[in-house]
Structure formats: structure tokens, C-alpha cells
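All remarks here apply to the structure that follows.
The values are calculated or read from the model by the stated rules, or taken from the named source; none is laboratory data. Remember, predicted model here, so these are calculated numbers, not experimental data. Cβ placement follows ideal geometry from the backbone for every residue including glycine, while neighbour counts extend to all protein chains displayed. Remember, those area values only see protein heavy atoms, side chains included, never the ligands or the DNA or RNA. Shrake-Rupley method; radii C 1.70, N 1.55, O 1.52, S 1.80 Å.
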Amino acid sequence: MEALKQDVIEKLIETALAQRAFSYTPYSGFKVGAALMAKDGTIYTGCNIENAAYGPSNCAERTAFFKAVSEGIREFRAICVVGGKGESLTEYAAPCGVCRQVMMEFCCPEEFEIILAKNKKEYDVYPLKELLPLGFGPANLA
Ligand code: THU
């Protein structure tokens, strides 16, 4: 599998950062943006959407996945996740366990890459396998 190119990584970071502006977070103030790239190169965006009843809140990553899957897309290459309370980000926002499990449903753990970024220069890339070792997925039920 070809490595993610620098310009693609930067585009995903830029897109995820811009997406934070739409984040609806009246309860936590923790704004997360995601940019999910399908295998065909199309980018699906997502932000976190909170709810007064707390439980129905949705993470940015799942918003992006559900948007894509609901449009018939099921093959993915990478996702960039950015999040934090301030305007400029000082920490990486790693996907929660539920979002990692959703990734496991549609992505190859060895190939799907998760980019955690603060800005276009500060980022780390992890394969899903590393963030969800021994994950349970569709192959277990085949
Ligand atoms: N959040 C995400 O959007 N993605 C994650 O992977 C971690 C948490 C959101 C959920 C909630 O709106 C806020 O961040 C604080 O937990």
C-alpha cells in the first residue's frame, strides 16, 4: 500500500481544522473536527454534536463515517482528527473507544491510518491496529 503523501495529509488536517467551526458543544466546549478520506480520495467531514440529554451526543469521527456510509461509501483510507477547547490546539485528541470500534467495522486495521494533529506541522499517524489491538470486527463473524 502506498504511503499517504504529505500534501494529502496536510489537506486532511486543514479540512479537519476547518470543520471544528461547525462543532456543536454547548456542554463540554471541546470542539472536534474530522476529515475522513475514502479510498477513492473523496473527503467526508464530521464534527461532534452534543445534546442536552448527553447520551445522544455524537463524536466527530462517527459523524464523518455515518455521512459517508449513508451515501454508499464503505472503503476508507485515513481519517484526521483534531480537537480541544481553545482556538489553537495544544494536545492531540485521540478517538474514543466507540469510534475506534466503528472504524474497525469498515476499515482494514493494518491499512487504515489515523492522523492526530494540532496543526499542519504537528501531527502523528497511527494505523488502526495500533489504536485498537486485537479488535473485534466483521472477520470474527465470517
Ligand atoms: N469527542 C469526539 O468528537 N471525538 C472523540 O474521539 C473524543 C470525544 C467529543 C465528544 C464530546 O462532544 C466532546 O468531545 C467531549 O467528550
- line: Note to self: with every protein chain in place and a 1.4 Å probe, the chain gives an accessible area per residue in Å² of 54 Å²
message: Cut-off 20 Å, label point 7 angstrom out along Cα-to-Cβ of residue 129: give me the residues of the stretch 25-58 whose amide nitrogen falls inside.
response: 39
query: Long-range amide H contacts for residue 111: which residues qualify at under 5 Å (H placed 1.01 Å from N, peptide plane, sequence gap of 5 or more or a different chain)?
result: none
query: Where in the stretch 51-142 are there chymotrypsin sites (Phe, Trp or Tyr not before Pro) that are in a DSSP coil and have at most 13 other Cβ atoms within 10 angstrom of their Cβ?
result: 54, 136
field: the chain, accessible surface, carbon-and-sulfur percent (1.4 angstrom probe)
entry: 55 percent
task: Grab the DSSP H runs of the chain that are 4 residues or longer, score each as -39,500 (n - 2.57), total them, divide by all residues and round the 222 nm result to the nearest 500 deg cm²/dmol.
output: -7500 deg cm²/dmol
query: Using every alpha carbon pair in the chain, what percent of pairs falls into each 10 Å bin from 0 up to the bin containing the largest distance?
result: 12, 45, 34, 8, 0
message: Can you pull out the GluC sites (Glu not before Pro) in the stretch 1-40 whose DSSP state is coil and whose Cβ has at most 10 other Cβ atoms within 10 Å?
response: 2
